[in-house]
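Every read-out reported here was derived from the displayed coordinates using simple, explicitly stated rules and does not represent laboratory data. For clarity, every value in this text was computed on a predicted model and none was experimentally measured. FYI the Cβ positions are ideal-geometry reconstructions off the backbone, even for glycines, and counts take in every protein chain you see.
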Amino acid sequence: KVGGFIASIPHVMVAALLCFMWAMLTALGLSNLRYSEAGSSRNIIIVGLSLFFSLSIPSYFQQYGISPNTNLSVPSYFQPYIVASHGPFRTKYGGLNYVMNTLLSLHMVIAFLIAVVLDNTVPGSPQERGVYVWSEADAAKREPAVVKDYELPFRFGRVFRWVKWVGL
């Protein structure tokens, strides 16, 4: 019954929800950059390299092993799963090959990995990195912008006040 209900949702609605979800996720991720020094060359290089590698590495993985003469017409959202069977990551463990080829062909995974590695290895002050906001345990709860970004919408926060014991 649940599957029938989900299957009855029009494709246009699903596409609109996906667009909205990814737009909100991207905006929330980029809004976290406001705590760091955006003009710092360190941060510009980290963002630029993570965006560059998140576009180039998955493209390499998705094109690896496909001959130019094949007429492979697969929707772009299925490409990471097609790559899993013929990607460049090869070991004697088939499951590991599948997982690594799939993960390394996803743009978000590469952007996350590159940004985390560079942010934690390239030296920078706490103000440059943006970690001064969360240096104290309760600092994020006192920051109005953080509370506004992560609060529940449309007065749901009042209904779920009892969730305080979880740590939210």
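For the listed peptides 107-115, 44-52, a ranking on the average number of other beta carbons within 10 Å per residue, highest first, reads 107-115, 44-52. In terms of the Cα gyration tensor, with a ≥ b ≥ c the square roots of its eigenvalues, is region 5-59 rounded because a/c is under 1.5, prolate because a/b exceeds b/c, or oblate? Oblate. A Förster radius of 41 Å, combined with the Cβ-Cβ distance separating Ser40 from Val2, puts the computed FRET efficiency at roughly 0.25. Residues of region 107-131 with backbone nitrogen within less than 20 Å of a virtual label 7 Å along the Cα-to-Cβ line of Leu18, please, listed as ranges. Residues 107-111 fall inside that zone.
Computed from backbone phi, the HN-Hα couplings of region 48-53 come to x, 5, 5, 5, 5, 5 Hz, rounded to whole numbers (Karplus: 6.51 cos²θ - 1.76 cosθ + 1.60, θ = phi - 60°; Gly and Pro given as x). Across region 2-12, coupling constants 3J(HN,Hα) worked out from phi with the 6.51/-1.76/1.60 Karplus curve, θ = phi - 60°, read 5, x, x, 5, 5, 5, 7, 6, x, 4, 5 Hz, and Gly and Pro carry x.
Taken one residue at a time, the phi angles of region 19-26 give Karplus couplings (6.51, -1.76, 1.60, θ = phi - 60°) of 4, 5, 4, 5, 5, 5, 5, 5 Hz. Gly and Pro are set to x.
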